[in-house]
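*Asks:* Quick one: this structure, given as structure tokens, is what I'll be asking you about.
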Amino acid sequence: MNRTAFDALIVGGGASGMMAAITAAEQGCRVLLLEKNDRPGRKLYITGKGRCNLTNDCPAQTVLENVPTNPKFLYSAMQAFPPQRTMEFFTSLGVPLKTERGRRVFPASDRAADIIDALWNRCRALRVAFQSCTAERILTQDGAAVGVATDKGEFFAPAVLLAVGGASYPRTGSTGDGYRMVQAVGHTVTPLTGSLVPLEENGSLCAQLAGLTLKNVGVRLRNAAGKIVYEDFGEAEFTDFGLSGPTILSCSAHMGNDTGFTVLFDLKPALDEATIDAKLLRLFREDGTHTLTAVLNKMLPRQLVSPVLHLAGLPVSQGTDTLPREGRRRLIGALKRFPIPIRGKRPIEEAIVTSGGVSVREVDPATMRSKRVPGLYFAGEILDVDAYTGGFNLQIAWATGHAAGAAIAAAKKEREHA
Ligand SMILES: Cc1cc2nc3c(=O)[nH]c(=O)nc-3n(C[C@H](O)[C@H](O)[C@H](O)COP(=O)(O)OP(=O)(O)OC[C@H]3O[C@@H](n4cnc5c(N)ncnc54)[C@H](O)[C@@H]3O)c2cc1C
């Protein structure tokens, strides 16, 4: 292979790799994109349920507030390429955008394919070369990255960017290859775990309630030591194995590899305990049946009534006339702190993102350049950063891809002027 044909090898034609390729090529680099699939962007097709929630229309600082792992590392890249720039970038490529609830940004067409086409067409217009192959090893010379060994041969360039993604949804191509490759050249990979992933219940209640969605529920995540480590409000679903839905996925981002968690639902988040008490007493007076079940049916989804009564230690046949103050107190406790013990997360393969990855201590935050291996760069999910849902993970991919692409181009200019 011609050792001088390219200024940069970009391994991984996903969100961050294509953004890096475009940025470097726009600044005069000859780029070769190495992608294991026949076409780039396979994971992008399934983002946002096929609609691609490509960013969040918020300031850079708000993005960082939605990054539970290593937000400080992203400060420079996010300032340089905030959501506003992402939106301008895609609009300039001819993709009209729209903003929905929670400031989530989508293509106006609701088609993730439009995002992939825009990126890929821009790559082609910039003459980014494409090679479908699987990268196996980073080639080094005197400690510096000089190329990549693949199943289709060796490729060389003075800059190598690893943008191979994480280990979740491996069918899209991100099978975690990058971790092994970077460890082989001396980088540290922090423990990997799925994030934004459903949770498995330690018990069988959820299976009985499977299909039930709670729309406006308060959610708190309690760790084994009894500390509340995350609080949220919104939607949660009961499934055959446990819990899912947006609030639950966000909880998973705070669990790491630990166990012993409990999800506590606040089934009446808009009401404090005294207000619930007053409401119960009013309903007791108004309800002609004088049974607690009938009253709770007016306050809760029907499927939850018997589990709530059970938790409060009250029989289903409990009459309202004979309910002592202490029973009412237990009932209110069950409504405000309805617990689901968690066995753990679903497997990493089912996670929206991978938490853990290349240690950010070993990467320069402004350029995404390795501090250990000259000529090596990183972008996207392979790094030990991950965010909540809302378009923040793709925003990380665009911003880090842009930082790496710009740094690769700057390094080429430096070499030329040396
Ligand atoms: C179901 C689902 C829905 C999601 N929805 C959203 C959303 O709406 N909004 C959002 O912000 N985020 C979303 N995400 C997360 C988002 O898709 C990722 O964070 C993002 O794609 C990461 O970009 P990346 O470039 O790092 O990796 P990827 O996009 O995964 O790209 C990595 C690329 O590298 C290639 N590759 C891997 N190994 C090799 C190798 N050895 N050789 C050559 N190529 C290789 C892969 O084939 C792949 O094309 C979603 C994720 C999933 C799974």
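The values are calculated or read from the model by the stated rules, or taken from the named source; none is laboratory data. Note that the coordinates shown come from a computational prediction; the quantities given were computed from them, not determined experimentally. Glycine gets a Cβ as well: all are built from the backbone with ideal geometry, and neighbour counts include every protein chain shown. With ligands, DNA and RNA removed, areas are computed over all heavy atoms of the protein, side chains included. Shrake-Rupley method; radii C 1.70, N 1.55, O 1.52, S 1.80 Å.
*Asks:* Where both residues lie in the chain, what percent of DSSP beta bridges are antiparallel, nearest 5?
*Replies:* Beta bridges within the chain, antiparallel portion: roughly 75 percent.
*Asks:* Compute the normalised compactness of the stretch 9-154: alpha-carbon radius of gyration over 2.2 N^0.38 Å, N being the residue count.
*Replies:* Working it through for the stretch 9-154, the quotient is 1.13.
*Asks:* Which of these, V353, V263, V305, has the largest mean-square fluctuation under a Gaussian network model of the chain (Cα springs below 10 Å)?
*Replies:* V305
*Asks:* Give me the 1.4 Å probe accessible area per residue for the chain, excluding ligands and nucleic acids, in Å².
*Replies:* 42
*Asks:* How big is the gap, in Å, between the Cα center of the stretch 44-103 and the Cα center of the stretch 135-208?
*Replies:* Using only Cα atoms, the two centres lie 23 Å from each other.
*Asks:* While we're looking at this one, here's another question. Just reorder Y377, Y45, Y230 by solvent-accessible area, largest first, 1.4 Å probe, all chains present.
*Replies:* Result of the area sort, largest leading: Y45, Y230, Y377.
*Asks:* If you average the sequence gap of Cα pairs under 8 Å that are 6 or more apart and divide by the length of the stretch 334-400, what percent do you get for the contact order?
*Replies:* Answer for the stretch 334-400 is 27 percent.
*Asks:* Another question about this same structure. Average the reciprocal distances over every distinct pair of alpha-carbons in the chain, invert the result, and give the Kirkwood radius in Å.
*Replies:* Taking every pair of different Cα atoms in the chain, averaging 1/r and inverting gives 23.2 Å.
*Asks:* Okay, moving on. In square angstrom, rounded to the nearest 10, how much accessible surface does V358 have for a 1.4 Å probe?
*Replies:* We get 0 Å² for V358.
*Asks:* Keeping all protein chains in the complex and leaving out DNA, RNA and ligands, what accessible area do you get for C133 with a 1.4 Å probe, in Å² to the nearest 10?
*Replies:* Counting only protein heavy atoms, the figure is 10 Å².
*Asks:* If you roll a 1.4 Å probe over the chain with all protein chains in place, what percent of the accessible area is carbon or sulfur?
*Replies:* 49
*Asks:* Taking the Cα centre of the chain as origin and charging only Cβ (+1 Lys, Arg; -1 Asp, Glu), how large is the dipole, in debye to the nearest 20?
*Replies:* It comes to approximately 280 debye.
*Asks:* Residues with amide H under 5 Å of K345's amide H, sequence separation 5 or more or different chain, H placed in the peptide plane at 1.01 Å from N; which?
*Replies:* E200
*Asks:* Report the full-extension gain for the segment T62 to R343: residue separation times 0.36 nm, less the Cα-Cα distance, to one decimal in nm.
*Replies:* Difference between extended and current length: 98.0 nm.
*Asks:* I would also like to ask the following. Given the options L292, G242, G211, identify the residue whose Cα lies farthest towards the positive end of the charge dipole of the stretch 164-293 (+1 on Cβ of Lys, Arg; -1 on Cβ of Asp, Glu).
*Replies:* Projecting each Cα onto the dipole axis, the largest value belongs to G242.
*Asks:* Local charge sum around S250 (other residues, Cβ-Cβ under 13 Å, Lys/Arg +1, Asp/Glu -1)?
*Replies:* Cβ neighbours under 13 Å give a net charge of -3.
*Asks:* Hey, another quick one. Based on Cβ point charges of +1 for Lys and Arg and -1 for Asp and Glu, what charge dipole magnitude is obtained for the stretch 272-392 about its Cα centre, in debye rounded to the nearest 20?
*Replies:* The dipole of the stretch 272-392 has a size of about 300 debye.
*Asks:* Local charge sum around T239 (other residues, Cβ-Cβ under 12 Å, Lys/Arg +1, Asp/Glu -1)?
*Replies:* It works out to a net charge of -4.
*Asks:* Now, a different point. Within 9 Å, Cβ to Cβ, of G13, how many net charges do the neighbouring residues add up to if Lys/Arg are +1 and Asp/Glu are -1?
*Replies:* It works out to a net charge of +2.
*Asks:* Continuing with the same structure: Filter K36/K98; K49/K152; K371/K413; K72/K413; K371/K412 down to the pairs with a C-alpha to C-alpha distance above 22 Å, please.
*Replies:* K36/K98; K49/K152; K72/K413
*Asks:* I want to verify a result. In a Gaussian network model of the chain, Cα cutoff 10 Å, which of these has the top mean-square fluctuation: D386, D232, D272?
*Replies:* Result: D272 has the largest fluctuation of those listed.
*Asks:* Using a 1.4 angstrom probe and counting only protein chains, how large is the accessible area of I276 in Å², to 10?
*Replies:* Answer for I276: close to 0 Å² accessible.
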